[in-house]
Amino acid sequence: MSKEYSKKKSEGATFTPDSLASFLAERILLYYSIKDHNKPIRINDPACGDGALLKAMAESLVKQNISFSISCSDKDVTSLSNTQNMLDSLFPSVSKELEHKDFIAERFDNLFSTVIENDIIIANPPYVRTQILGADYAQYISRLYNLSG
C-alpha cells in the first residue's frame with residue numbers, strides 16, 4: 001500500500017467510483033425542480049475529495065443544458081488542486097470557487113452560514129473510524145461538538 005493511499009485512508013478519504021457518482025447525480029436531480037430555476041444552479045461540495053461527485057453532477061447538468069456554478073472545499077490541498085484542474089479542463093466556462101479547509105473542524109454556526117447561497121449541497125462526508133484520526137484530532141472534534149462515547 002502506498003504512503004499517499006495510507007495517508008488519505010487515515011484522513012477518511014474514500015473516493016466515490018464514477019459509476020456511483022453518476023447514479024447519485026441523476027438521483028439528486030430527480031428531486032430538484034430545475035424548471036422553476038431561472039439562474040445558474042449553485043452546487044456545493046464541502047468535502048470534494050477528487051471531485052467525482054461534482055464532475056458527475058456537472059455532466060448531468062450539461063446534458064440537460066442547464067447552467068450552474070460550483071463551490072467546494074477539501075482539507076487535502078492535493079485533492080483540491082486535482083479537483084480544480086479536472087473541473088477547469090472539463091468545464092472551463094463554469095464559475096468555480098474552491099477553498100482549502102476542513103469542514104468537519106468548523107463550528108456548525110460557521111459551517112452552515114452559506115447554506116442559503118447554494119441550491120444543491122453534496123452531503124458526502126468522509127467515512128472514517130475515529131480510531132484512525134489520531135487521539136489529538138479526535139479529542140479536538142469531540143470537544144468542538146461536545147461529543148462523548
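The values are calculated or read from the model by the stated rules, or taken from the named source; none is laboratory data. Quantities reported herein were computed from a predicted structural model and do not represent experimental measurements. Because the Cβ atoms are built from the backbone with ideal geometry, glycine has one as well, and the counts that use them run over all protein chains shown. Note: accessible area is taken over every heavy atom of the protein model, side chains too, but ligands, DNA and RNA are not part of it. Shrake-Rupley method; radii C 1.70, N 1.55, O 1.52, S 1.80 Å.
Annotation: of all residues in segment 1-41 being touching a helix residue (DSSP H, G or I) at 6+ places or on another chain (Cβ under 7 Å) and open to solvent by 70 Å² or more (accessible area, probe 1.4 Å), the one that is modelled with the highest pLDDT is Glu26. Can you tell me which residue in segment 47-104 is nearest to the chain's Cα centre (by Cα), limited to those that are open to solvent by 70 Å² or more (accessible area, probe 1.4 Å) and of a type in the set (A, V, I, L, M)? Selected residue: Val77.
Would segment 49-57 turn up any residue that is part of a helix (DSSP H, G or I) and farther than 18 Å from Asn118 by Cα? The answer is yes; a qualifying residue exists.
Under the condition of being basic (Lys, Arg) and under 17 Å from Thr16 (Cα atoms), the residues counted in segment 30-63 number 1.
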